[in-house]
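Student: Pasting in a structure now, in structure tokens, and then I'll have a few things to ask.
The values are calculated or read from the model by the stated rules, or taken from the named source; none is laboratory data. These figures come from a predicted structure and were not determined experimentally. Cβ coordinates were reconstructed from backbone atoms using ideal geometry, including for glycine residues, and neighbour counts include every protein chain displayed. The accessibility values were calculated without ligands, DNA or RNA, using every heavy atom of the protein model including side chains. Shrake-Rupley method; radii C 1.70, N 1.55, O 1.52, S 1.80 Å.
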Amino acid sequence: MKTPMVASRQNWFIRNRMTLLTSAVVLGYAAFIEWFWGWSSILAQWGQVGVLPILLALALLTSTYFLRTWRIYDYFPKETGGHFTALFRVTQVHNLLNIMMPLRTGETSFPVLMRSEFGIPLARGTSALFVMRLFDLHALLAAAGIGLALASPYRALALVTWLVFLLLPVAGFALRRPLIKFAAKALPKKAQGLVHELERGLPANAGAFARAWLATVVNWLVKVVVLAWALRLMNVAPLSASFGGALGGELSSVLPVHAPGGVGTYPAGITAGAMAFGAPGQKAALDNLAQASINAHLLIVVSALTGTALALLISRKRQG
């Protein structure tokens, strides 16, 4: 059995190793950008956009963090009631760690922080996070699906298929009890406990489900629209390509595998999404798209840092 001191040393070593890995990847990425394009060329796009649009985009992106916090606040009303500021700090620290740590290892901070701050058991916090991530992924896929459905030569059939997909969470929540019973019987005994913990992570009732779903949709709508607008300001055309780029970047951020800080994977997601939604393939257009995708990624990172700084500032003022 490991002693507390040994376990603490091992945890310290793991944390520092992950920090060093993240720092090495970010520095390597920054060096690559300087070598391939030059940071002066990258940042010149922001000069063309102007200060006011950048500040407005940052403000709108930061506002989505308050909505995310409210979603969790409403999810755990008994545990977090009257502690919105503390919860905002928890969600911002979790968000920043999730962005900066590789392979979604930052996700593990959420149940740990919720237990230490609000006494929520690890299993319940983990299962609730899993359910909310399913909401997030569904919202993004549904947003991408409407674009694909409108572009399909079989538009009527595609729209019906999209509508069925859109309503899957409603059907899943309505049938949750028989589905959970079936899963509990079908799975081995060791896995049945996980099924019951997952049930505890579901919204408590239909009202809670509707509020969580609506908050998820509004959150991602604002974020995708702001990113699409920013990409359009950086001359990513047509408008559908800007929309596709925003979706591609955000989809890369919720998938299980991403690089530390999203470096490389987030801009690649933007580029792939924009190409899928009609971005031209000429060299000049692709070069502009690549630079715009890097700047959009920087916008996301800066908004996360802004949100975290704001959360720590508000928390410190309340404690004072």
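Student: Taking the criterion of being over 19 Å from Ala212 (Cα atoms) and modelled with pLDDT under 90, would at least one residue in segment 126-141 satisfy it?
Tutor: No, segment 126-141 has no match at all.
Student: Applying the selection to segment 78-92, what residues are in contact (Cβ under 8 Å) with a residue 12 or more places away in the chain and part of a helix (DSSP H, G or I)?
Tutor: Matches in segment 78-92: Glu79, Thr80, Phe84, Thr85, Ala86, Leu87, Phe88, Arg89, Val90, Thr91, Gln92.
Student: Also: Mind checking which pairs have a first residue in segment 270-285 that is at negative phi and a second that is part of a loop (DSSP other than H, G, I, E, B), Cβ under 7 Å, 6 or more apart or different chains?
Tutor: Listed by first residue and then by second, the contacts come to Ala274/Val236; Ala279/Val236; Ala285/Ala279.
Student: Hey, another quick one. Within segment 169-193, which residues are surrounded by 13 or more Cβ atoms within 10 Å (Cβ to Cβ) and within 18 Å of Thr216 (Cα to Cα)?
Tutor: Residues satisfying the conditions are Pro169, Val170, Gly172, Phe173.
Student: Given the criterion within 23 Å of Gly244 (Cβ to Cβ), free of Cβ contacts under 8 Å to residues at least 60 places away in the same chain, open to solvent by 40 Å² or more (accessible area, probe 1.4 Å) and not hydroxyl-bearing (Ser, Thr, Tyr), identify the matching residue among Leu148, Leu122.
Tutor: Numbers: Leu122 fails: within 23 Å of Gly244 (Cβ to Cβ).
Being within 23 Å of Gly244 (Cβ to Cβ), free of Cβ contacts under 8 Å to residues at least 60 places away in the same chain, open to solvent by 40 Å² or more (accessible area, probe 1.4 Å) and not hydroxyl-bearing (Ser, Thr, Tyr) holds for just one of Leu148, Leu122, which is Leu148.
Student: Follow-up question, since we're still on this one. Evaluate segment 283-290: report whether one residue or more is closer than 24 Å to Val90 by Cβ and of a type in the set (D, E, K, R). Spell out how you get there, then give the answer.
Tutor: Filtering segment 283-290 down to residues closer than 24 Å to Val90 by Cβ leaves none.
So far as segment 283-290 goes, no, none of its residues is closer than 24 Å to Val90 by Cβ and of a type in the set (D, E, K, R).
Student: Additional query: It is to be established whether one or more residues within segment 201-208 are in contact (Cβ under 8 Å) with a residue 40 or more places away in the chain, surrounded by fewer than 16 Cβ atoms within 10 Å (Cβ to Cβ) and farther than 26 Å from Ala144 by Cβ. Spell out the reasoning first.
Tutor: Going residue by residue through segment 201-208, those that are in contact (Cβ under 8 Å) with a residue 40 or more places away in the chain are 201-203, 208.
If we keep only those that are surrounded by fewer than 16 Cβ atoms within 10 Å (Cβ to Cβ) too, we end up with 208.
Retained after the next criterion (residues that are farther than 26 Å from Ala144 by Cβ): 208.
Looking through segment 201-208, at least one residue is in contact (Cβ under 8 Å) with a residue 40 or more places away in the chain, surrounded by fewer than 16 Cβ atoms within 10 Å (Cβ to Cβ) and farther than 26 Å from Ala144 by Cβ.
Student: All but one of (1) within 19 Å of the chain's Cα centre (by Cα); (2) farther than 25 Å from Glu107 by Cα; (3) surrounded by fewer than 16 Cβ atoms within 10 Å (Cβ to Cβ) hold for Leu239, so report the exception by its number.
Tutor: Tallying (1) within 19 Å of the chain's Cα centre (by Cα); (2) farther than 25 Å from Glu107 by Cα; (3) surrounded by fewer than 16 Cβ atoms within 10 Å (Cβ to Cβ), Leu239 fails exactly one: (1).
Student: In the list Leu255, Leu286, which residue meets the criterion of being surrounded by fewer than 20 Cβ atoms within 10 Å (Cβ to Cβ), more than 16 Å from the chain's Cα centre (by Cα), farther than 20 Å from Phe66 by Cβ and among the aliphatic types (A, V, I, L, M)?
Tutor: Checking each option against the conditions leaves just Leu286.
Student: Follow-up question, since we're still on this one. Within segment 301-311, is there a residue that is in contact with a Lys or Arg (Cβ under 7 Å, 6 or more places away or on another chain) and farther than 19 Å from Ala144 by Cβ?
Tutor: Of the residues in segment 301-311, the ones in contact with a Lys or Arg (Cβ under 7 Å, 6 or more places away or on another chain) are 311.
The next check asks that each one be farther than 19 Å from Ala144 by Cβ; those that pass are 311.
Looking through segment 301-311, at least one residue is in contact with a Lys or Arg (Cβ under 7 Å, 6 or more places away or on another chain) and farther than 19 Å from Ala144 by Cβ.
Student: Still on this model: Quick test for you: out of Arg211, Arg316, pick the one residue that is out of contact with any Pro (no Cβ under 7 Å at 6 or more places or on another chain), part of a helix (DSSP H, G or I), surrounded by 15 or more Cβ atoms within 10 Å (Cβ to Cβ) and of a type in the set (D, E, K, R).
Tutor: Checking each option against the conditions leaves just Arg211.
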